Amino acid sequence: MTAISLRDVRKSYGGLEVISDVDLDIETGEFVVFVGPSGCGKSTLLRMIAGLEGINAGELLIDGKFANDVPPARRGIAMVFQSYALYPHMNVFENLAFSLKIAHVGKPEIERRVQAAADMLQLTPYLKRRPRQLSGGQRQRVAIGRAIVREAKVFLFDEPLSNLDAALRVATRIEIARLKERLADTTMVYVTHDQVEAMTLADRIVVLNAGRIEQVGRPVDLYDNPRNLFVAGFIGSPAMNFLPATLTFENGSTRIERNGKPLVTTGFTSGGRAGVQNGTLGVRPEHLDLASPEAALFSGTVDLVEHLGEVTIAYMRLDDGTPMLAKFDRTRELEKGEILHLKAEPSDLHCFDADGMALPRR
Amino acid sequence: MAQDTVEAVITGKQATRDATAASRRGEAWAALVFLTPWILGIVLLTALPMIGSFVLSFSNYDLLSAPRWVGTANYERLLFSDPRYLKSLEVTTVYVLVSVPLAVAVALIIAVTLSEATRSANFFRGVYYLPSLLGGSVAIGVLWRQIFGSSGLVNISLSGLGFQTTSWIGDPRYALWTLIILNVWQFGAPMVIFLAGVRQIPKEVVEATIMDGANPVQRFFRITLPLLSPLILFNLVMQTITAFQAFVPAYVVSDGSGGPIDSTLFYTLYLYLEGFRNFRMGYAMSMAWVLLVIIAVFTALSFYASRFWVHYES
Amino acid sequence: MTTFPRGPRLDRRGALKLSIGGAAALWLGSATQGFAQATQIKASWYGGQDTHDRMQQALALFSEKNPDIQVGVEFAPFADFYDRLPVQYSGGGAPDVHRHSMTYLFDYIERGLLADLTQHIGSTIDISGLYPGVVEIGTAGEQTQAIGNNQIAVALFYNQEKLDAAGVTGALDNLTWDAFRDMAIELGQAGGDQHYGTNDAGGFIALFELFVTQRGKGLYSDGALGFDRQDLADWFTFWHSMRAERGAPPPSVTAESAGFQNSPMVRNLAAMQTGWCQQLVFFQALMTQELGIHACPSPEGASDNGHLIRALDFWVAPARSAHVEQSARLIDFLLNDEEAIQTLGLTLGGPASDKASAILAETADAPSAKILNYLEELRPLASPQTPHWISGHGELESLLNRLNASVGFEQTTPEAAAENFFSEADRILG
Amino acid sequence: MSEAPTQATNPARRAGRMLLLIAVAVLMSYPLLWLIASSFKPESLIFSDPGLIPAQFTLANYLEGWNRLGVPFGIFMLNSAVICVLAIVGNLFSCSVAAYAFARLEFPFSKLAFGLMLLTLMLPFHVTVLPQYIVFQNLGAVNTIIPLVLPKFFAVDAFFIFLLVQFIRGIPRDLDQAAEMDGCNKYQIFWHIIFPICRPALVLVAIFTFLWTWSDFFSQLIYLNQVEKYTAPLALNLFIDATSGESAWGMLFAMSVITLLPLFILFVLFQRQIAEGIATTGLKG
């Protein structure tokens, strides 16, 4: 069942359009992550769903019902803010109970629900404390608890981990993942600019750029089959290497040349294109491996080496000056100035046309 | 739970409305409700009285009989043929131009000095700003009259030290200065503002200048002063507005007369005497309006001039 | 619906009527004369603490004797009183009966702000015993709008010890202005450094009035100044010459001498002090040495020495007051009731009638007795005229004071100051 | 960088600074201490002995002064206190709702209204006082505390609105939105969230309202006529005249100290808040 539908939704401030033509269906119980660079409109979109921002055009359906004009509190949606937005003058209990109090829920019922949420989030010992007496992680849990108490059908998370330090971020991420398991019927929409969070948490990822959806899909799909250059560059870390290439479309297939030299690739189809274009060849650093000079697809000089423990990253410059990163396991010993010859499985290569769209594989 | 959600949801497909506009309207209504007291206040207690006083300023209203329209006669007299008015303007201008910069300068120096004394700062800060709290109270006026009276504290101390004494509040050469001193005595308020400003100067900036070898004086002029310049402007403007309107000290110290021979005839005191003692309320109202213009012009000038010396962090 | 038996129903109606009447009476308060509710009026005055204490006692007495009138009170120092009064009149909230100084009285009379008391005179207010002039000053044409509550005169107070010590006591006999100056200067010199003969009275307009009256003129005539520039220049010159030789203190000392306790005589800086005669009580209270009182100087060989005795403060009711009748009764009480006269003593000024003089003489303490004697002795000498002041007097008074100080501080000459006074007066009286 | 004594370690400089601070402190506080000391001295010693420790200690000035005006001085203090309390309630209410609207709500002409509000900051009080008086007189409100208190319920102290606007702007908007998500309308957001969070600023408003109202003289002078309704400053002014029949500086000083006492107490209790209030808003004490 569809929990949330966005149909041709638009939003603009003055003349500036910040959300254009967004079409998206989110299923009940699904965990959807909006990801994209800052300013891409992902938070705005989330706040439009919450009702904190108005919708200029298009429709928002919640549970199949037109909801553009429904006030936030009536949408059955709870939200966890980036800053947690805990009420500083109330203790944890009061923070959790506040929405119920406003809704005139009876006292015993409030007690019950708050207690349940506190138990779930291990907040029971802190119920009498004020937010400023809590650690960052505890505050985060209270913010989530506030959503749980409302028994909302949809949770919205606006970059909930960005205020935490690295270690806590990982721990909390796992907690959210567990929460997702426990509240299986609850739809969750999560905004982040961190693609690791997106990859680890999401059932589906929505990649946004400049107010538009670039691609929607399961994390692995986005990793394996990015629809365009933007998604390819955004998903994965370190980012995919992009190399200029000349694409010639012939008879429904694509021939790729770099610096006048043809590259042996298992075929990309032309996808109906024809002629010659300047395109881009993409390969992820982790998919590169050493090869003999003859078998090598790329050759370059090592500029800098980073030893990260389990992996080693080589920053290289190819013969034509294009920079390239390669990721090896730690056993590989590298030195600056060393010339490396690299290969990749043809199935790990990505090819994009002049418009940045991925070419379909055969 | 789902029911709460649903109740307000409008079913079926409809033409999309501009929800933003609707919520804006709701917000405007809420704003109106919240602003009702203020709107009533500004209309009934400020705007209408202002209009009233503006109209009265063109009349010879004597408080006791119906006002009579006299056109611009009040303003003409004010600007061209009332030596006492000019005197009051002179007195007030001297008061403002001397006491305000002096108070602000003292406040700045003390604040900078105080900011370096870490342990005792709170104590001194308290001692320094207490007088400005007591401000324009009658009790302070009484006190001042006694301190600078001919047998007052100052003269007792001076004669004890073997100096010639004089009557400070009885002599037109000095009387205004006792009030200037009173105003400077109350430098606490600007000082506290500066103190907060000094504390906000990033430590790194100060440390960087120390590393660059600047001595304390250079540091004051090159770093502290420019960084505090917005606060200096602010203090000057606020103190000036207050000083132009000073009333109680002059009223109490000169026994309501502005004497001796008008040497402490503050603008507002003369306005008060003309309006309430001499039955020229229309004239007093024209003075009030000219004062408003003076303050407005002065404030505008200060902000204009500030472009050339106030340094804002972008 | 239940029908009530006839009897109780009538009773109810009666009860209702009664309670409505009662409520109305409470609501309307005094306005309805038929009810025995007390009328609420407000009385106010200016003065020092002694005045406040005694006035309140007198009013309590009045309420006791007139249970149908409740008197609310307001009082303030002179300056505060006059800061407030015009505003009260302008807004319609002036007290039903209040004290009024001649300094400002005519500002109010000329604007028709005071109630005409004529119809109450003779019936409610008995003026038969009052000294001549007490009522006349407040009378213009057919109307009497103010009734004097005192009769006073300016006087010269002196510190007997200092006069004796300087050996100038005899100079008080046949005191001409020149003799006064010589005496003041002698006293100043005798007192030593920073000592003076008398206070600087150059700004004391009532004394100046005496000065011009002695020249056969008046302070005012026909709503304008009644003297010449030269008279005023002579006056300023006289006081300047006093200051020059420590006959009077320098202006800086004078500037600080507001209030009795700050006067040069009380501060032991001067041997003499001019003032209104009843102030002797206040000065004496502040000093251990005995004070004497004497008439102010006269011109050389003048037949009429120009002394003035007259009412200076008045009882008035605002024209807009709804309780002029009650106010009139209060005025009568304050003027004629023996106990009231006794209670008030000299706090409002010298007695306004022979009756009051007699009553006060019985119980007077030493300073009060001196005042009563002074007035008694002065009365046959004083001018039969009781000239009144005019609208704008208050402003002229402070103008005179300021110009005298200007001459003192050598910021202007007596002649220029006189000139200035006349041109300013033109505007003020214009 | 051979010689680098920082300012903190230079003993001569430190001593000089301390000396300056102490000298200024003595100059600043001497008048007040002298006032207090004099109020405990017998009349004859006030001007002959400028020292701060009375050679002869007496409470007579206080005991006599207290009842000198016929009405015990406590009544005047009480009158002042009542006016102050009502003024505080009025300002807390009216300025906070207005500030919330200015800081948080979008409405037509909001910039203009805000500018207007700031303009009233520099309006001399003399411009409006008389017409206001006439209005109150016609309402029959003169000689009551209404003219002194009622305006406070209409947000006439623009300073406080400004202070609160600045404070509310510092509160994260997320809180409003969280409350909105929790089901609050604008009124509930104000009442449940913004108003309680503004507490530190509201404390300041209360303190400064108290300070200013307590010291106010002019409007109390024209609006209050009856001695029983007089406030402490009016009583003190009356006192100046009431003592003109006798030398009573001691009593005058004693009553001055009494009228200043609440300000001293407030100062001691709220030193920090007052200093911070002045610092953040530029209010004159």
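The values are calculated or read from the model by the stated rules, or taken from the named source; none is laboratory data. From a predicted model like this one, the values you see are computed outputs, not experimental measurements. All Cβ positions, glycine included, derive from the backbone under ideal geometry; neighbour counts span all protein chains shown. Accessible surface areas use protein heavy atoms only, side chains included; no ligands, DNA or RNA. Shrake-Rupley method; radii C 1.70, N 1.55, O 1.52, S 1.80 Å.
Numerical summary
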read-out: Lysine-lysine proximity count for chain C, Cα under 24 Å, sequence distance 8 or more or distinct chains; value: 4
read-out: Selection from B:Tyr61, C:Phe421, A:Asn241, by position along the positive dipole direction of the protein assembly as shown (Cβ); value: A:Asn241
read-out: Computed accessible area, A:Glu111, all protein chains, 1.4 angstrom probe, square angstrom; value: 90
read-out: Top positive-direction residue, dipole computed over the stretch D:64-283 with Cβ charges, set D:Pro172, D:Val135, D:Thr259; value: D:Pro172
read-out: Net charge, A:Leu201 excluded, C-beta distance under 13 Å - Lys, Arg +1, Asp, Glu -1; value: -1
read-out: Chain pair B, D: total accessible area buried, heavy atoms, 1.4 Å probe, Å²; value: 7700
read-out: 3J(HN,Hα) from dihedral phi, the stretch D:159-173, Karplus parametrisation 6.51/-1.76/1.60, rounded to Hz, x for glycine, proline; value: 3, 6, 4, 4, 4, 6, 4, 4, 5, 5, 4, x, 7, x, 5
read-out: Beta bridges by DSSP in the protein assembly as shown, antiparallel share as percent, to the nearest 5; value: 75
read-out: Calculated SAXS-style log₁₀ I(q)/I(0) at q = 0.09 Å⁻¹ - the protein assembly as shown, Debye, Cα scatterers; value: -1.23
read-out: Burial ranking of peptide ranges B:67-73, A:208-214, D:267-273 (average Cβ count within 10 Å, highest at the top); value: A:208-214, D:267-273, B:67-73
read-out: Inter-chain Cβ neighbour average for residues B:44-57, partner chain, 10 Å; value: 5
read-out: Most to least packed among A:139-148, B:121-130 [average Cβ atoms within 10 Å]; value: A:139-148, B:121-130
read-out: Area buried, chain D against chain C - accessible surface, total, 1.4 angstrom probe, square angstrom; value: 2100
read-out: Karplus (6.51, -1.76, 1.60) ³J(HN,Hα), θ = phi - 60°, over the stretch C:67-73, in Hz, Gly and Pro reported as x; value: x, 7, 10, 9, 10, x, 10
read-out: Averaged over C:402-411, number of beta-carbon atoms from partner chains that fall within 10 Å; value: 3
read-out: Qualifying lysines (Cα of each under 20 Å from Cα of A:Lys336; at least 8 residues distant if same chain); value: A:Lys327
read-out: Computed accessible area, B:Trp144, all protein chains, 1.4 angstrom probe, square angstrom; value: 10
read-out: Of A:Lys107/A:Lys153; A:Lys101/D:Lys186; A:Lys11/D:Lys186, pairs whose Cα-Cα distance is over 20 Å; value: A:Lys107/A:Lys153; A:Lys11/D:Lys186
read-out: For B:Asp82, distant residues with modelled amide H under 5 Å away; value: none
read-out: Mean Kyte hydropathy of -1.0 or more with a Cα span along the axis of at least 18 Å, helices from DSSP in chain A; value: A:107-120, A:136-149, A:166-182
read-out: Residue-count net charge about D:Leu92 - beta-carbon cut-off 14 Å; Lys, Arg +1, Asp, Glu -1; value: +1
read-out: Interface residues, the stretch D:76-109 - accessible area loss of 50 Å² or more versus chain alone, probe 1.4 Å; value: D:Glu106
read-out: Between B and C, accessible area buried - total, square angstrom, nearest 100, 1.4 angstrom probe; value: 2300
read-out: Test item: C:173-179 mean partner chain Cβ contacts at 10 Å; value: 0
read-out: Positive dipole terminus of the protein assembly as shown, leading residue within D:Asn61, D:Phe210, D:Pro72 (C-beta point charges); value: D:Phe210
read-out: Under 5 Å, built H, 5+ apart or other chain: amide partners of A:Glu214; value: A:Val207, A:Leu208, A:Asn209
read-out: Rounded to whole Hz, the Karplus (6.51, -1.76, 1.60) HN-Hα couplings of the stretch C:204-220, x for glycine and proline; value: 8, 5, 5, 6, 5, 4, 4, 4, 6, 4, 5, 8, x, 10, x, 5, 9
read-out: Total formal charge among the other residues, if their Cβ is under 15 angstrom from that of C:Ala352, Lys/Arg +1 and Asp/Glu -1; value: -4
read-out: Ordering of B:213-222, D:145-154, C:81-90 by burial proxy (mean other Cβ atoms within 10 Å per residue, highest first); value: C:81-90, D:145-154, B:213-222
read-out: Cα-centred dipole magnitude for chain D, charges only on beta-carbon of K, R (+1) and D, E (-1), debye, nearest 20; value: 500
read-out: Reciprocal mean inverse distance between Cα atoms of the stretch D:17-115 - Kirkwood radius, Å; value: 18.6
read-out: A:His193 - accessible surface, heavy atoms, 1.4 Å probe, Å² rounded to 10; value: 100
read-out: Average accessible area per residue (Å²) across the stretch B:76-306 - probe 1.4 Å, nucleic acids and ligands excluded; value: 36
read-out: Heavy-atom accessible surface of the protein assembly as shown: percent carbon and sulfur, 1.4 Å; value: 57
read-out: Residues whose placed amide H lies under 5 Å from that of C:Arg310, excluding near-sequence neighbours; value: C:Ile152
